[in-house]
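The values are calculated or read from the model by the stated rules, or taken from the named source; none is laboratory data. Owing to the predicted nature of the structure, the values given are computational and were not obtained by experimental measurement. Here Cβ is always computed from backbone atoms with ideal geometry, including for glycine, and neighbour counts include all displayed protein chains. The accessibility values were calculated without ligands, DNA or RNA, using every heavy atom of the protein model including side chains. Shrake-Rupley method; radii C 1.70, N 1.55, O 1.52, S 1.80 Å.
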Amino acid sequence: MARPIFEGSGVAVVTPFTSTGVDYAKLEKLVEFHIKNKSDAIIICGSTGEASTMPDEEHISVIKACVDAVAGRIPVIAGTGSNDTNHGIHLSQEAVKAGADALLVIISAHPRDFSDTIRLLPRTAMLLSFFIMFLRELTSISLPMFSTDLLISRIL
């Protein structure tokens, strides 16, 4: 059996901003705080990290800054999800180059009508599995991948 990427608590950190952009010094302090307080992994650039509002260059720069600040002490799980599959693949490849230990990916957004939510759940689980398999095959990325489903998040 493969060794898990981490056991315990992975914390999704926000991306700190100033009026001029990312506050990298504050990001480093956040990382240190979570390592000092025994978090078992850092999740960077997920939906908590405002990644969807950042240009790609900034997105990857934040992942790289987090990887550098962590310095191998705990795993870094990089959010690379996108509603555009090609964009998600590009972000995933760049996150690998930046040194991420694992990826957090999503499939395309679901419709806002929740009347069919229960019926969609088995299909959604299948799509998540398929998306990860597709991403691995297309990109040869061998990092562990986590998936999130925004449909489930909306109904909880």
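Do we have Gly8 as within 18 Å of Asp101 (Cα to Cα), modelled with pLDDT under 95 and touching a strand residue (DSSP E or B) at 6+ places or on another chain (Cβ under 7 Å) here? Against the criterion (within 18 Å of Asp101 (Cα to Cα), modelled with pLDDT under 95 and touching a strand residue (DSSP E or B) at 6+ places or on another chain (Cβ under 7 Å)), Gly8 does not qualify. Note on segment 48-93: among residues that are under 10 Å from the mean Cα position of the chain (by Cα) and among the β-branched types (Val, Ile, Thr), the one that is most open to solvent (accessible area, probe 1.4 Å) is Thr48.
When Asn86 is tested against (1) at pLDDT 95 or above; (2) not in a loop (DSSP other than H, G, I, E, B), exactly one condition is not met: (1). Condition check for Ala102 on (1) closer than 17 Å to Gly10 by Cβ; (2) open to solvent by less than 60 Å² (accessible area, probe 1.4 Å); (3) small (Gly, Ala, Ser); (4) at pLDDT 90 or above: one failure, at (4). Residues in segment 14-47 that are buried (at least 18 other Cβ atoms within 10 Å of the Cβ) and assigned to a loop (DSSP other than H, G, I, E, B): Thr15, Ser39, Cys45, Gly46.
Among Thr139, Thr117, Thr148, which is the only one that is at pLDDT 60 or above, out of contact with any Cys (no Cβ under 8 Å at 6 or more places or on another chain) and polar (S, T, N, Q)?
Details: Thr117 fails: at pLDDT 60 or above; Thr148 fails: at pLDDT 60 or above.
When all the criteria are applied, what remains is Thr139.
Of all residues in segment 57-81, those that are free of Cβ contacts under 8 Å to residues at least 60 places away in the same chain have Cβ atoms under 6 Å from Cβ atoms of residues that are surrounded by fewer than 24 Cβ atoms within 10 Å (Cβ to Cβ) and charged (D, E, K, R), 6 or more apart or on another chain, in Ile60/Glu94; Ala69/Glu28; Val76/Asp101.
Pick from segment 62-74 the residues that are touching a strand residue (DSSP E or B) at 6+ places or on another chain (Cβ under 7 Å) and either assigned to a helix (DSSP H, G or I) or at pLDDT below 95 (or both): which of them is nearest to Asn37 (Cα to Cα)?
Just the residues of segment 62-74 that are touching a strand residue (DSSP E or B) at 6+ places or on another chain (Cβ under 7 Å), to begin with: 62-63, 66-67, 70, 74.
From what is left, the residues that are either assigned to a helix (DSSP H, G or I) or at pLDDT below 95 (or both) are 62-63, 66-67, 70.
Details: Val62: 21, Ile63: 21, Cys66: 16, Val67: 18, Val70: 13 Å.
Only one residue tops the list, namely Val70.
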